[in-house]
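Input: a single structure, listed below in structure tokens.
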2 protein chains.
Amino acid sequence: MDLFVSKYFNKIDKKGRISLPSSFRNVLPKANRNEIILYKSIKSSSIEGCGVGRLKEIAKRINNLDFFSEDYDDFSTSIFSEIVTTNIDKEGRFLIPEELKLYAGIKTEAAFFGQGHFFQIWEPKQGLKNTEDSRRRLLKEKKSLRMMLTQQK
Amino acid sequence: MDLFVSKYFNKIDKKGRISLPSSFRNVLPKANRNEIILYKSIKSSSIEGCGVGRLKEIAKRINNLDFFSEDYDDFSTSIFSEIVTTNIDKEGRFLIPEELKLYAGIKTEAAFFGQGHFFQIWEPKQGLKNTEDSRRRLLKEKKSLRMMLTQQK
DNA sequence: TGGGATTATATGGGCGTCAATGGGTATATG
DNA sequence: CATATACCCATTGACGCCCATATAATCCCA
């Protein structure tokens, strides 16, 4: 499986370390399995994360913008300066930077939610609430969900 | 990681030295790991920096401008003639030339902002304000920022 | 197929190394 | 010679690496 799926609830230890779920680690390419990138989610108070390969894609895309335009700087600043890379230790743990923990309201425990090509890290209660909320929204438009699931490529 | 990412706040000591963040040093090619170039940003009151190898890339971008336009001369002059090279000492520190510190309003502390293939050095408060401003501009077009982050190859 | 043995995962903690910072002294450069 | 800059050494705190344990998952063979 090369997608981030399912949800996990892990603890942050005294040193601030937390285990990246094993199944998530396996999604990372063997080459860069000891490094991930983290950034503040744009539309929720959660942290989003993924492998570094994804960042290189983004870099390429930004590089194609007009270098002398204002957009270039805006994207570059909002993305590159906001992204942090963190190392994963031999046991599969990493540190969540203080600023990101504050942003997401995370203290001693965190919830990992698979999102396919990336994952989210939530304060557990907020994360669960968000799941409920989004499911409720989807069910309101059951028809579109049905289409999404049954439509053939 | 071969990109300048994240942000760091470091101090300038009595001798005028400041540490280039360790993760930035690692982006520099092992060959020229003790030298960087600095120049005034064209678009903001910040200093931009990168490894010497990036000079060619800058030259290429300027060359793509219309040779007979006023912009060409302006950019060419503003950038090339203003570039300074500085050496990084054994501990990873370097000196920010007085003129550049003045230009950016930097005194005792400076903020490093990753920008992918280069980085910016700001007076800390101005740098943070700039980040907010540019994010605000982008969020007006939420769709485009989101696309940038989530679009698949 | 049952049950013990092996392996993996999440978690805890000791300790050495490195990054950021400070300062003394040699060296260079005008 | 005077000032600036490079090199060397020191300190502190953070982080990475190593080892350890408990629980859970998997295996493997009688």
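Just B:SER134, B:SER41, B:SER19 to compare: in a GNM of chain B, with alpha carbon springs under 10 Å, which one fluctuates most?
Maximum fluctuation in the GNM of chain B, among the listed residues, is at B:SER134.
Tell me the volume per residue, in Å³, of the convex hull enclosing the alpha carbons of the stretch B:7-123.
97
Which whole-Hz couplings ³J(HN,Hα) result when phi for each residue of the stretch A:88-99 is put into the Karplus expression 6.51 cos²θ - 1.76 cosθ + 1.60, θ = phi - 60°, listed in order with x for Gly and Pro?
In residue order, the calculated couplings are 9, 7, 4, 8, x, 9, 8, 9, 8, x, 3, 4 Hz.
Rounded to whole Å, give me the distance from the Cα center of the stretch A:122-142 to that of the stretch A:70-112.
The distance from the Cα centre of the stretch A:122-142 to that of the stretch A:70-112 comes to 23 Å.
Within the stretch A:1-68, report the trypsin sites (Lys or Arg not before Pro) that DSSP leaves as loop and that have at most 13 other Cβ atoms within 10 Å.
Answer in residue order: A:LYS14, A:LYS15, A:LYS30, A:LYS43.
How do B:LEU20, A:LEU128, A:LEU138, B:LEU95 line up, fewest other C-beta atoms within 10 Å first?
Ranking B:LEU20, A:LEU128, A:LEU138, B:LEU95 by Cβ neighbours within 10 Å, fewest first, gives A:LEU138, A:LEU128, B:LEU95, B:LEU20.
For chain B, which longest stretch is free of loop sites, where a loop site is one of the chymotrypsin sites (Phe, Trp or Tyr not before Pro) that DSSP puts outside H, G, I, E and B and that has at most 16 other Cβ atoms within 10 Å?
B:69-153
Plugging the Kirkwood radius over Cα pairs into Stokes-Einstein for the protein assembly as shown, at a temperature of 4 °C and a viscosity of 1.567 mPa s, what D comes out in µm²/s?
61
In sequence order, what are the phi-derived ³J(HN,Hα) couplings for the stretch A:122-134 according to the Karplus relation 6.51 cos²θ - 1.76 cosθ + 1.60 with θ = phi - 60°, rounded to whole Hz, with x for glycine and proline?
Values, residue by residue: 10, 5, x, 5, 4, x, 5, 4, 4, 4, 4, 4, 6 Hz.
From the helices alone, meaning DSSP H stretches of at least four residues, give me the mean residue ellipticity at 222 nm for chain B, per-run term -39500 (n - 2.57), in deg cm²/dmol to the nearest 500.
-10500 deg cm²/dmol
Run through the stretch A:107-153 and list the GluC sites (Glu not before Pro) located in a DSSP loop whose Cβ has at most 10 other Cβ atoms within 10 Å.
For GluC sites (Glu not before Pro) across the stretch A:107-153 that sit outside H, G, I, E and B with at most 10 neighbouring Cβ atoms in 10 Å, the list is empty.
What trypsin sites (Lys or Arg not before Pro) does the stretch B:88-144 have in DSSP loop regions with at most 15 other beta carbons within 10 Å?
In loop regions of the stretch B:88-144 (DSSP not H, G, I, E or B), the sparsely surrounded trypsin sites (Lys or Arg not before Pro) are B:LYS90, B:LYS107, B:LYS140.
Starting from the amide H of B:GLU35, placed 1.01 Å from N in the peptide plane, find each other amide H under 5 Å away whose residue is 5 or more places distant or on another chain.
When sequence neighbours closer than 5 places are left aside, the close amide H contacts are B:ILE88.
Which entries of A:LYS43/B:LYS40; A:LYS60/A:LYS129; B:LYS40/B:LYS140; A:LYS60/B:LYS60; A:LYS101/B:LYS30; B:LYS14/B:LYS101 show an alpha-carbon separation above 24 angstrom in the structure shown?
Pairs exceeding 24 Å: A:LYS43/B:LYS40; A:LYS60/A:LYS129; B:LYS40/B:LYS140; A:LYS101/B:LYS30.
Could you grab the relative contact order for the stretch A:7-123? Cα pairs under 8 Å, six or more apart, rounded to a whole percent.
Answer for the stretch A:7-123 is 40 percent.
Throughout, read-outs are computed from the coordinates displayed, never taken from laboratory work. Fair warning: this is a prediction, and the values are worked out from it, not measured in the lab. As a convention, Cβ positions derive from the backbone with ideal geometry for all residues, glycine included, and neighbour counts pool all protein chains shown.
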